[in-house]
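To keep things clear, I will list the structure first and then write my remarks on it.
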Amino acid sequence: MDFNLLSSTLESLNQPKYRLKQITDAYYSGHFKDWLAVTSLSLDLRQYLQSQFPLYSLSVEKTLTSSGTQKILFKTADDQYFESVLMQYPEWNTVCLSTQIGCPLNCAFCATGKMGFKRNLTAEEIVEQVILWKNQFPVDRLVFMGMGEPFLNYSNLKLAIETINTVLKIGSRKISVSTAGIIPQIKQFALDFPQINLAISLHAINQSTRLKIMPITQQYPLNELLDQAKNYVSLTRRQLFFEYALFEDINDSPQDIASLAKFIKSNYLFYLNLIPVNQVPNGLKASTKLTQIVNYLTQNQVDFSVRQSFGQEINSACGQLAYTTGKI
Ligand code: SF4
């Protein structure tokens, strides 16, 4: 919502000063779908505001449900579409947020990348995803792993996290951000948000393989990314998560996994998340060696887990966001 416009509108209507706070509280509560539902305001005022501007800049176009997962297709004020997913664990709900419409990085395994890049989401649009999910479900944790590369939209990400922390009261330790490896922003993020969990989408442990899967490796080479990872943990003393999706005959050879194990064990704050791949059309093939790899990592005492995959039936699992828009 445009709070400056709201404030001047209320002033021109000779509304008392406390009205702005009343409306701000209603906006962030996530309990109202439009102005008419905010019954603490007079009917005249509600009708007037409803006719002037929308309560939220996003609208919920469609909600899809599968076991343990919900997906919302959001529509923006400029008629663009993007998605966000809610995963229901036994003890909490986690929302996976988007930061861009499409993505410019074009990772080989990712449906979002195949959409191309449309634009950055505003801080308001990022925060409204949380608010509009709260309208339907309790929201306990957030991961920035939806559409887009969060660190290519850093200033809006930063603003959104600050609002989420201070106004929506979701603490830093319950928030995770994942990056494909935008090196300068990793350092900035460590300084700005040392309490927020960071994950690096690694997916390969040598430069040539990673270049094939993630073109961003050309701009930010793997050795520099791994050095920055070491800097990150020495600066924050926080665990750093590495995401590694397993692709058949690309990054799942015994040599790849041995190098990966050696790297993860090189620092006690490094932690590996293995990701069984969700197949997307024309995407990379899932590895069939998960069991052998898990056995190897266990025998070699590597700190790791295998990421639970949610929502494949509604194309809401990792690397699948984009389908509902029908853009690919
Ligand atoms: S995996 Fe992430 S960074 Fe890569 S194209 Fe998809 S959304 Fe972009």
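Here are the numbers for this structure:
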{"read-out": "Count of segment 161-193 residues which are of a type in the set (S, T, Y) and either in contact with a helix residue (DSSP H, G or I) (Cβ under 6 Å, 6 or more places away or on another chain) or more than 16 Å from the ligand (Cβ to nearest atom) (or both)", "value": "4"}
{"read-out": "Among the residues listed as L235, L260, the single one being surrounded by fewer than 19 Cβ atoms within 10 Å (Cβ to Cβ) and part of a helix (DSSP H, G or I)", "value": "L235"}
{"read-out": "Residues located in segment 103-143, provided they are of a type in the set (V, I, T), more than 8 Å from the ligand (Cβ to nearest atom) and either in a helix (DSSP H, G or I) or closer than 18 Å to L58 by Cβ (or both)", "value": "T122, I126, V127, V130, I131, V139"}
{"read-out": "Of all residues making up segment 44-60, the number that are exposed (fewer than 14 other Cβ atoms within 10 Å of the Cβ) and closer than 15 Å to W133 by Cα", "value": "0"}
{"read-out": "Boolean, N197 is within 12 Å of the ligand (Cβ to nearest atom), modelled with pLDDT of 95 or more and in contact with a strand residue (DSSP E or B) (Cβ under 7 Å, 6 or more places away or on another chain)", "value": "no"}
{"read-out": "Selection within segment 61-110 - surrounded by fewer than 23 Cβ atoms within 10 Å (Cβ to Cβ) and basic (K, R)", "value": "K62, K75"}
{"read-out": "Segment 144-157, subset away from the ligand (no atom under 12 Å from the Cβ) and closer than 14 Å to L97 by Cβ, residue surrounded by the most Cβ atoms within 10 Å (Cβ to Cβ)", "value": "L157"}
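The values are calculated or read from the model by the stated rules, or taken from the named source; none is laboratory data. All of these numbers come straight from a predicted model, not from anything done at the bench. Ideal geometry is used to build each Cβ from the backbone, glycine not excepted, and the neighbour counts take in all protein chains shown.
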